[in-house]
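Let me begin by presenting the structure, written as structure tokens, before commenting on it.
The values are calculated or read from the model by the stated rules, or taken from the named source; none is laboratory data. What you see is a predicted model, and the numbers here were worked out from it, not measured in a lab. Note that we place each Cβ from the backbone using ideal geometry, even for glycine, and neighbour counts take in every protein chain shown.
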Amino acid sequence: MLTVSQAVSIFKMPGQPVLLQEKKLGDFLNFNRNISIADSLNFSKQDTTSMRSLVIFTLLFLTGNLILAQPADLKNDYFLRQLYKDQSYNTQKDLVLKEFAHVVPGSWGEFVKGVDEDIVTNKKLLALTFDACGGPRGSGYDAELINYLRKEKIPATLFVTGKWIDANYNTFLELSKDTLFEIENHGLNHQPCSVDGESEYGIKGTPDVPDAFDEIEANERKIQFITGRRPKFYRSATAYTDEACAKIARQLDVTVISFDVLSGDAVPFTKIPVIEKSVLSNVKPGALIIMHFNHPEWNTFESLEKIIPVLKKQGYSFSKLETYPLKGK
């Protein structure tokens with residue numbers, strides 16, 4: 001059971017007056033609805049030590065100096081095991097397995113039937129989309145990039161995996177509360193979505209319909225559990241999927257997204273002028289641009305810092321995906 005000593009890491013004591021905001025604390029307690037406050041704090045009326053802990057806990061939370069450890073039951077493996085015991089999850093999965101018992105994969109690629117890649121608009125409007133892939137070599141966080149978007153007040157859509165959330169739990173919480181950003185689904189374990197085990201860029205895809213379902217739906221539920229909002233869009237790892245997976249996603253009321261403009265930032269250490277040219281030479285009204293925010297060592301931020309002023313000068317503005325209807329080829 002979570003205790004104060006496990007939940008709180010103190011980096012510094014606040015150096016300014018504290019305003020007790022009941023709503024903010026209420027939001028926090030509601031977010032952690034699966035943990036009773038009494039158990040969370042090991043608190044009893046006779047325990048003055050726990051009372052002091054409660055005061056410190058509250059003050060740190062309200063002043064932004066509270067760091068919460070990710071609950072163990074939200075880690076990918078444990079979360080999925082719990083979903084396997086959940087009646088609603090199993091009922092939904094059984095319906096999908098029955099519906100797609102004899103499905104053929106169909107075409108495999110980034111732009112297959114059922115995948116959207118453009119905003120429907122006649123305005124000079126672009127959608128910046130950023131993936132966070134996770135895993136041993138993909139769990140970084142490009143704070144410079146995100147802070148630049150904030151400084152310029154540029155909305156963006158962030159596709160995150162369950163793996164990346166596990167490695168960056170507090171950062172994910174912060175991003176999910178920022179209305180500048182839209183949080184969407186990049187898969188539970190960053191596997192290309194396939195019903196027969198296709199691979200791309202050396203990454204093995206999901207082997208069958210049950211695993212494809214888990215890759216999409218488990219991360220939908222994980223993100224919803226943490227943020228209170230169910231993602232509307234899913235981009236498969238590598239952006240490759242088959243037609244069958246696009247149909248499965250639709251069955252789950254999720255739209256599969258690809259991209260229209262490939263920035264090229266995912267090729268490690270691609271030079272800034274190359275990324276600039278890849279974007280600026282291919283933008284058009286309604287385009288979805290794909291980049292990454294999980295590799296601060298790449299040139300994504302440095303390139304974007306040069307790209308954005310040019311696009312603005314050309315009359316472009318930016319939108320999150322959920323704001324406009326989308327279309328495929």
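Here's the yes/no breakdown for (1) without any contact (Cβ under 8 Å) to a residue 24 or more places away in the chain; (2) among the charged types (D, E, K, R):
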position: PRO71; (1), (2): no, no
position: LYS75; (1), (2): no, yes
position: ASP86; (1), (2): yes, yes
position: LEU126; (1), (2): no, no
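The lone criterion from (1) surrounded by fewer than 21 Cβ atoms within 10 Å (Cβ to Cβ); (2) farther than 22 Å from VAL103 by Cβ left unmet by GLY197 is number (2).
For the structure I just gave you, tell me whether PRO136 is under 25 Å from GLU200 (Cβ atoms) and without any contact (Cβ under 8 Å) to a residue 60 or more places away in the chain. Against the criterion (under 25 Å from GLU200 (Cβ atoms) and without any contact (Cβ under 8 Å) to a residue 60 or more places away in the chain), PRO136 qualifies.
Conditions (1) farther than 16 Å from LEU128 by Cβ; (2) surrounded by 20 or more Cβ atoms within 10 Å (Cβ to Cβ); (3) among the basic types (Lys, Arg); (4) at pLDDT 95 or above, marked per residue:
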site	(1), (2), (3), (4)
ILE257	no, yes, no, yes
PRO268	yes, no, no, no
ILE272	yes, no, no, yes
VAL279	no, yes, no, yes
MET291	no, yes, no, yes
PRO296	yes, no, no, yes
THR300	no, yes, no, yes
LYS306	no, no, yes, yes
VAL310	no, no, no, yes
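Can you name every residue in the stretch 164-191 that is more than 18 Å from PRO136 (Cβ to Cβ) and in contact with an Asp or Glu (Cβ under 7 Å, 6 or more places away or on another chain)? Across the stretch 164-191, the qualifying residues are GLU182, ASN185. Is there any pair linking a residue in the stretch 213-232 that is free of Cβ contacts under 8 Å to residues at least 60 places away in the same chain to one that is part of a helix (DSSP H, G or I) and aliphatic (A, V, I, L, M), with Cβ under 9 Å and at least six apart or on different chains, and which? Going by the 9 Å Cβ cut-off, the qualifying pairs are GLU215/ALA237; ILE216/ILE248; ILE216/ALA249; ASN219/ILE165; THR227/LEU173; ARG229/ILE223; ARG230/ILE223; PRO231/ILE223. Quick one: what pairs do we get from the stretch 304-329, first residue of a type in the set (Ser, Thr, Tyr), second assigned to a helix (DSSP H, G or I), C-beta under 6 Å, 6+ apart or different chains? Here the result reads none, with nothing in the stretch 304-329 linked to a residue that is assigned to a helix (DSSP H, G or I). Considering the stretch 312-327, and only residues there that are surrounded by 18 or more Cβ atoms within 10 Å (Cβ to Cβ) and in contact with a Pro (Cβ under 9 Å, 6 or more places away or on another chain), the residue that is nearest to SER278 (Cα to Cα) turns out to be PHE318. When each of ILE183, ILE203 is tested for being in the same structural domain as THR255 (by TED's automatic domain parsing), among the aliphatic types (A, V, I, L, M) and surrounded by fewer than 18 Cβ atoms within 10 Å (Cβ to Cβ), the lone residue that passes is ILE203. Does any residue of the stretch 89-111 turn out to be at pLDDT 95 or above, touching a Gly at 6+ places or on another chain (Cβ under 8 Å) and in the same structural domain as PRO231 (by TED's automatic domain parsing)? Yes, there is a match, as at least one residue in the stretch 89-111 is at pLDDT 95 or above, touching a Gly at 6+ places or on another chain (Cβ under 8 Å) and in the same structural domain as PRO231 (by TED's automatic domain parsing). Selection of the stretch 223-256 for residues being within 14 Å of GLY109 (Cβ to Cβ) and part of a strand (DSSP E or B) yields THR241, ASP242, VAL256. So in the stretch 105-125, with the set limited to residues that are in contact with a helix residue (DSSP H, G or I) (Cβ under 7 Å, 6 or more places away or on another chain) and among the aliphatic types (A, V, I, L, M), which one is nearest to TYR201 (Cα to Cα)? Ranking the qualifying residues of the stretch 105-125, first place goes to VAL112. In the stretch 207-245, the residue that is surrounded by the most Cβ atoms within 10 Å (Cβ to Cβ) out of those that are touching a Cys at 6+ places or on another chain (Cβ under 6 Å) and more than 15 Å from GLY162 (Cα to Cα) is THR241.
When every residue of the stretch 135-157 is checked against the conditions, none turns out to be under 22 Å from PHE79 (Cα atoms) and buried (at least 22 other Cβ atoms within 10 Å of the Cβ).
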